[in-house]
Amino acid sequence: MTLPSPRPAAAAAAPGADAFVVTGGRRLAGTVTVSGAKNSALKLFAAALLAPGRSVLHNVPDIADVTAMTAVVRHLGVDVAREAHAIERGRRADAVTLEVPERLGTHTPADLVARLRASIVVLGPLLARTGHAHVAQPGGCNLGNRSIELHLKGLEAMGADIHVGVEHVEAHAPGGLVGTDFELDYASVGATENLVMAAVLARGTTRLRNVAREPEIGDLVDFLTALGAQIDGRGTGELEIVGVDGLAPATHRVLGDRIEAGTFAVAAAVTGGDVTIEGVDPEHLARPIERLEAAGVTVRCGEDHLRVLPQAELHAIDIATLPYPGFPTDLQPQFIVLLSQAAGTSMITENVFDGRFSILGELRRLGVDAHLEGHHIVVRGPRRLLGDVVTATDLRAGAALVLAGLVAEGDTIVLEPRHVDRGYTDFVGKLRGIGAQVTRRITTTAAAG
Ligand code: EPU
């Protein structure tokens, strides 16, 4: 079979636009440290609203979503200060101080919520603290349907009166929320978080069944406990929360980002590299690590790091995304790239989001042989990838396209890098630190010309 030659001049095809420029073919090696988990830090900002006074969060990732969440809580009256690059026992502390006022605002504006869907998690804390919340509707997103009806049903069960408008959700509980027994129809991460945060100040005891068990929820429970909340059942599918009269501020370190770690693990595996990934509990990646090993990758785990070692050959595996401890949907796009280099036919079943497939067309441009059958992604490998111009459609898709660029011959230009900025602290710098040839091209007049 004759293959087209690599396209080293792909950069010229998209002059002037912001992009990652990746030159493939480097085997990654060295050590990379992950930042605090995006999906924990965002919720901890919301949780801080529950306790007037000064809370301090360490290991907060330096990402656009945290900037957006900062704007949301500032709008509610919180004074937020970031002490970037502070050194805590020899490493970056990335501390954020949140000075929460006695009197909080109750409205979140549509433009901020549109930038950050996760800001819906201020609903529970606002209701609990003020008895009133007027929160802009998070709207749709490019992962498919993302309704919030479980958040609202749970809050109603705690006595909130909720009106859903086209643009806003308005919730009242003037006499305070009341403890209740509530079973979630689905173990939604966001609904669990909203309900736990609402329940910590509710009158009496709340039992939440079929809650999500993601490690970030354990981190939230730890922070709430440090604030003075009484919560039993951490890490299980059932939480019992005894409401307290008030909470006091606290200091907490955000847990390491398992999805960032998993992304680097795939980067190492797909380039046949030898990379140690620090700052994460490998237990939080138990299922992805087990799948990597099933594909032929050697992984060694320590207490707060894992090491991915070179392998002779990758082979096909099947994956099904599921709520934790199942395989995380947030690593699905990255694993498509891995499996494009594995011998045989792999199948990935996406069970969490009904629309997390937009990356397929972009990956196919690079030579990945992957197509959709229902909600199954069928990947055939190994395939030779060739650099081209592709577009990130969301955060994890953007990261996966950069990983594909590490394997592709020639240059891969990944447009819309802002999606990746949402969730990865210094993605380019960290990849370069382990030997990747990748740069960030920022638009300037000179560059465009
Ligand atoms: N769902 C409903 N009704 C609800 C709530 C959820 O039908 O009331 C459905 C959603 O439509 C979706 C599924 O349940 O299909 C999962 O939603 P879930 O509420 O569990 O997720 P989330 O809280 O919206 C968080 C992460 C996502 C991650 C998912 C699943 C944050 C800020 N986001 O979203 O992270 O994929 O849990 O683990 O924590 C990412 O980081 O790239 C990302 C998308």
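The values are calculated or read from the model by the stated rules, or taken from the named source; none is laboratory data. All of these numbers come straight from a predicted model, not from anything done at the bench. Neighbour counts run over all protein chains shown; Cβ positions are idealised from the backbone, glycine included.
So, of the residues in region 237-246 that are more than 28 Å from P282 (Cα to Cα) and surrounded by fewer than 22 Cβ atoms within 10 Å (Cβ to Cβ), which turns out to be farthest from the ligand (Cβ to nearest atom)? Restricting to residues being more than 28 Å from P282 (Cα to Cα) and surrounded by fewer than 22 Cβ atoms within 10 Å (Cβ to Cβ), the top hit is D245. Could you grab me the full set of residues in region 406-441 that are in contact with a strand residue (DSSP E or B) (Cβ under 8 Å, 6 or more places away or on another chain), of a type outside the set (K, R) and farther than 21 Å from R27 by Cα? L415, E416, P417, V420, listed by residue number.
Across region 261-307, the number of residues qualifying as within 18 Å of I336 (Cβ to Cβ) and touching a Phe, Trp or Tyr at 6+ places or on another chain (Cβ under 8 Å) comes to 5.
Looking only at region 77-97, decide whether some residue is at pLDDT 95 or above and either of a type in the set (S, T, Y) or within 16 Å of the ligand (Cβ to nearest atom) (or both). Looking through region 77-97, at least one residue is at pLDDT 95 or above and either of a type in the set (S, T, Y) or within 16 Å of the ligand (Cβ to nearest atom) (or both).
Regarding P249, is this residue at pLDDT 95 or above, over 23 Å from the mean Cα position of the chain (by Cα) and surrounded by fewer than 24 Cβ atoms within 10 Å (Cβ to Cβ)? Here the answer is yes, as P249 does meet what is asked.
In region 140-212, counting only strands (runs of 3 or more DSSP E) that sit wholly within it, the ones holding 2 or more residues that are farther than 24 Å from L116 by Cα span 181-183, 205-209.
Determine whether L401 is assigned to a helix (DSSP H, G or I) and away from the ligand (no atom under 15 Å from the Cβ). No, not satisfied.
For region 136-162, a residue qualifies if it is within 14 Å of the ligand (Cβ to nearest atom) and either at pLDDT 90 or above or among the acidic types (D, E) (or both), and the qualifying residues are I148, E149, L150, H151, L152, K153, G154, L155, E156, A157, I162.
Among the residues making up region 14-39, those that are within 16 Å of the ligand (Cβ to nearest atom) and either part of a loop (DSSP other than H, G, I, E, B) or at pLDDT below 95 (or both) are V34, S35, A37.
Any residue that is within 30 Å of D185 (Cα to Cα), of a type in the set (S, T, Y) and in contact with a helix residue (DSSP H, G or I) (Cβ under 7 Å, 6 or more places away or on another chain) - is there at least one of those in region 384-392? Looking for residues that are within 30 Å of D185 (Cα to Cα), of a type in the set (S, T, Y) and in contact with a helix residue (DSSP H, G or I) (Cβ under 7 Å, 6 or more places away or on another chain), one finds none in region 384-392, hence no. Residues that are charged (D, E, K, R) and part of a helix (DSSP H, G or I) within region 58-81 comprise D65, R74, listed in sequence order. Could you tell me whether region 40-53 includes any residue that is within 16 Å of the ligand (Cβ to nearest atom), of a type outside the set (A, V, I, L, M), buried (at least 17 other Cβ atoms within 10 Å of the Cβ) and modelled with pLDDT under 95? Looking through region 40-53, none of the residues is within 16 Å of the ligand (Cβ to nearest atom), of a type outside the set (A, V, I, L, M), buried (at least 17 other Cβ atoms within 10 Å of the Cβ) and modelled with pLDDT under 95. Filtered by the rule that a residue be surrounded by fewer than 16 Cβ atoms within 10 Å (Cβ to Cβ), more than 16 Å from the ligand (Cβ to nearest atom) and of a type in the set (A, V, I, L, M), region 284-329 gives A294, L309, A312. Of the listed requirements (1) closer than 16 Å to E260 by Cα; (2) assigned to a helix (DSSP H, G or I), E290 misses just one: (1). Residues in region 216-246 that are under 23 Å from the mean Cα position of the chain (by Cα), part of a loop (DSSP other than H, G, I, E, B) and among the β-branched types (V, I, T): T236 alone.
Once region 197-236 is narrowed to residues that are away from the ligand (no atom under 16 Å from the Cβ) and among the polar types (S, T, N, Q), the residue that is farthest from D161 (Cα to Cα) is T236.
Residue selection: N194 fails the criterion of being within 20 Å of A157 (Cα to Cα), surrounded by fewer than 24 Cβ atoms within 10 Å (Cβ to Cβ) and within 13 Å of the ligand (Cβ to nearest atom).
In region 339-364, of all residues being crowded, with 19+ Cβ neighbours inside 10 Å and charged (D, E, K, R), the one that is farthest from the ligand (Cβ to nearest atom) corresponds to E362.
For region 350-370, does any single residue satisfy the condition of being in contact with a strand residue (DSSP E or B) (Cβ under 8 Å, 6 or more places away or on another chain), free of Cβ contacts under 8 Å to residues at least 40 places away in the same chain, closer than 23 Å to H284 by Cα and not hydrophobic (A, V, I, L, M, F, W, C)? Within region 350-370 (the criterion being in contact with a strand residue (DSSP E or B) (Cβ under 8 Å, 6 or more places away or on another chain), free of Cβ contacts under 8 Å to residues at least 40 places away in the same chain, closer than 23 Å to H284 by Cα and not hydrophobic (A, V, I, L, M, F, W, C)), the answer is yes, since at least one residue qualifies. State which residue is nearest to the chain's Cα centre (by Cα) when the search covers only region 295-319 and only residues that are among the hydrophobic types (A, V, I, L, M, F, W, C) and more than 19 Å from T271 (Cβ to Cβ). Of everything passing the filter in region 295-319, I319 is nearest to the chain's Cα centre (by Cα). The residues of region 402-423 that are in contact with a helix residue (DSSP H, G or I) (Cβ under 6 Å, 6 or more places away or on another chain) and within 27 Å of V66 (Cα to Cα), listed by number, are L403, A404, I413, V414, H419, V420, D421, R422, G423. Select from region 100-127 the residues that are at pLDDT below 90, under 25 Å from G159 (Cα atoms) and basic (K, R) and list them in ascending order. Result: R117, single match.
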